[in-house]
Amino acid sequence: MNKNFYLLLLIMVCFSCGESYVPKPKGYLRLDYPKAKYVKSNLNIPFSFETNILASKIESKPVRATTKSYGITLEYPSLKGTIFLTYKSVEGNRKNLIDFLRDAQNFTQKHTIKADEIPVTSYENDNRKVYGSFAEVIGNVASPAQFYVTDSVNHFLTGSLYFYAKPNYDSILPAANYLQKDIKHIMETVRWE
């Protein structure tokens, strides 16, 4: 028995010599999205903006018949995401505008329970009278980005990004970053009619 053990040990030593193996490095999923190409929206609403041609389905419908409010949906099936826009007419009522601003900011703040961080960036374009804010919500949240823009007199537009998946920040991050650029482009190209 002792002989067999030594023989087995000798065979193992002989065959174990040679190349040393190194473990493979971790692999990461690489997602390449097409370069964004923008076109002007052709919707019957009181403002215009440019949208990515990747948004294959764009719908606009009145929210309420009594007021000038519209819901606009920009669907990105290849990214499994949607940008929801809501337009509200301020109707010259300053209190109305304050309520709209409070609602938009409260919507973002509701994500603080699940969010790790919510960096907010202000936006201003005096030439086109567009003022607003963009909030990136970092963490496992339902909506990883929200924004609003207004002219402070007649128009108010708010928007949010949603994905058709359970919130997992690491998984949706590449698509979220891509669509956040589209949201910023919408903010930069809004023109009030």
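The values are calculated or read from the model by the stated rules, or taken from the named source; none is laboratory data. Model, not experiment: these values are computed from the prediction. So basically every Cβ, Gly included, is an ideal-geometry build from the backbone, and we count neighbours across all protein chains shown.
Points worth noting:
- Conditions (1) β-branched (Val, Ile, Thr); (2) over 16 Å from the mean Cα position of the chain (by Cα); (3) under 26 Å from residue 177 (Cβ atoms): number failed by residue 63: (3)
- Residue check for residue 98: out of contact with any Phe, Trp or Tyr (no Cβ under 9 Å at 6 or more places or on another chain), at pLDDT below 85 and surrounded by 10 or more Cβ atoms within 10 Å (Cβ to Cβ): no
- Qualifying residue in the range 156-164 (condition: free of Cβ contacts under 8 Å to residues at least 40 places away in the same chain and not hydroxyl-bearing (Ser, Thr, Tyr)): no
- Residue count for the range 146-183 satisfying the condition of being modelled with pLDDT of 95 or more and of a type in the set (A, V, I, L, M): 5.
- Here is the figure for the range 110-147: residues that are on the phi < 0 side of the Ramachandran plot, among the charged types (D, E, K, R) and touching a strand residue (DSSP E or B) at 6+ places or on another chain (Cβ under 8 Å) total 6.
Let's see how each residue does on (1) over 20 Å from residue 184 (Cα atoms); (2) under 23 Å from the mean Cα position of the chain (by Cα); (3) at pLDDT 75 or above; (4) among the small types (Gly, Ala, Ser):
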| site | (1), (2), (3), (4) |
| --- | --- |
| 10 | yes, no, no, no |
| 13 | yes, no, no, no |
| 44 | yes, no, yes, no |
| 76 | no, yes, yes, no |
| 90 | yes, no, yes, no |
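- Count of the range 115-132 residues which are surrounded by 13 or more Cβ atoms within 10 Å (Cβ to Cβ), without any contact (Cβ under 8 Å) to a residue 24 or more places away in the chain and in a strand (DSSP E or B): 2
- Within the option set 163, 156, 147, being farther than 20 Å from residue 192 by Cα and crowded, with 20+ Cβ neighbours inside 10 Å holds for one residue only, 163.
- Count - residues of the range 15-42 that are at pLDDT 85 or above, out of contact with any helix residue (DSSP H, G or I) (no Cβ under 7 Å at 6 or more places or on another chain) and either β-branched (Val, Ile, Thr) or not in a loop (DSSP other than H, G, I, E, B) (or both): 2
- Cβ-Cβ distances below 6 Å connect the following pairs, each with a first residue in the range 134-146 that is more than 13 Å from residue 117 (Cα to Cα), a second residue that is assigned to a loop (DSSP other than H, G, I, E, B), and a separation of six or more residues or different chains: 142/167.
- Within the range 54-68, being modelled with pLDDT under 90 and either among the charged types (D, E, K, R) or out of contact with any Gly (no Cβ under 9 Å at 6 or more places or on another chain) (or both) holds for 56, 57, 58, 59, 61, 64, 65, 66, 67, 68.
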